[in-house]
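Structure record follows, encoded as structure tokens.
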Amino acid sequence: MSGPPPAKAILLVDHGSVKVEANELLEEIARLVERIAPDYHVEAAHMELAPPDIADAVAACVKAGSTDITVMPYMLAPGRHSTDDIPRMALEAAERHEGVRVRVSEPLGADSRLAEVILARVETAREKQE
């Protein structure tokens, strides 16, 4: 064996917003992911409009000891940001850190678990109006 596997990180990236509450939601999601994935260092970043940006979040992952970072676009569909902009920005950020591997996952997409969340939100809205 060549030693322990590289330290892993998950970097959640959304578009970013001028609304603080919207940006705080991604931090909350990052903490939820961190809770269920203790073998990963988890960070959150915004593509634009708010700090931290992708480069700063990659640097935070590296500072925490991560050398294997998976960037997860926190978006529903595979649009221009999730397929072009975020991968480009993540790879550019990784170039600043020798020996760090960065990959980009697919966005959330269609998943039955999202359908369950939608149904729960609909039922909650209906209960509030009854």
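Observations
- If the condition is being of a type in the set (Lys, Arg) and either farther than 30 Å from ALA59 by Cα or open to solvent by less than 60 Å² (accessible area, probe 1.4 Å) (or both), then the stretch 79-130 contributes ARG113, ARG121, ARG126, LYS128.
- Hits in the stretch 61-88 (condition: over 15 Å from VAL102 (Cα atoms), in contact with a helix residue (DSSP H, G or I) (Cβ under 9 Å, 6 or more places away or on another chain) and among the aliphatic types (A, V, I, L, M)): MET75, LEU76
- Scan of the stretch 90-130 for residues that are within 18 Å of ASP68 (Cβ to Cβ) and hydrophobic (A, V, I, L, M, F, W, C), ordered by number: ALA90, LEU91, ALA93, ALA94, VAL100, VAL102, VAL104
- Residue that is in contact with a Lys or Arg (Cβ under 6 Å, 6 or more places away or on another chain) and among the acidic types (Asp, Glu), where the choices are ASP14, ASP68, ASP39: ASP68
- On the stretch given as the stretch 11-48, residues that are of a type in the set (Ser, Thr, Tyr) and open to solvent by 40 Å² or more (accessible area, probe 1.4 Å) total 1.
- Of all residues in the stretch 92-114, exactly one satisfies the criterion of being without any contact (Cβ under 8 Å) to a residue 24 or more places away in the chain and more than 20 Å from the chain's Cα centre (by Cα), namely GLU98.
The values are calculated or read from the model by the stated rules, or taken from the named source; none is laboratory data. These numbers were taken from a predicted model, which means no experiment stands behind them. Backbone-built Cβ (ideal geometry, glycine too); neighbour counts: all protein chains shown. Surface areas here come from the heavy atoms of the whole protein model, side chains and all, with no ligands, DNA or RNA. Shrake-Rupley method; radii C 1.70, N 1.55, O 1.52, S 1.80 Å.
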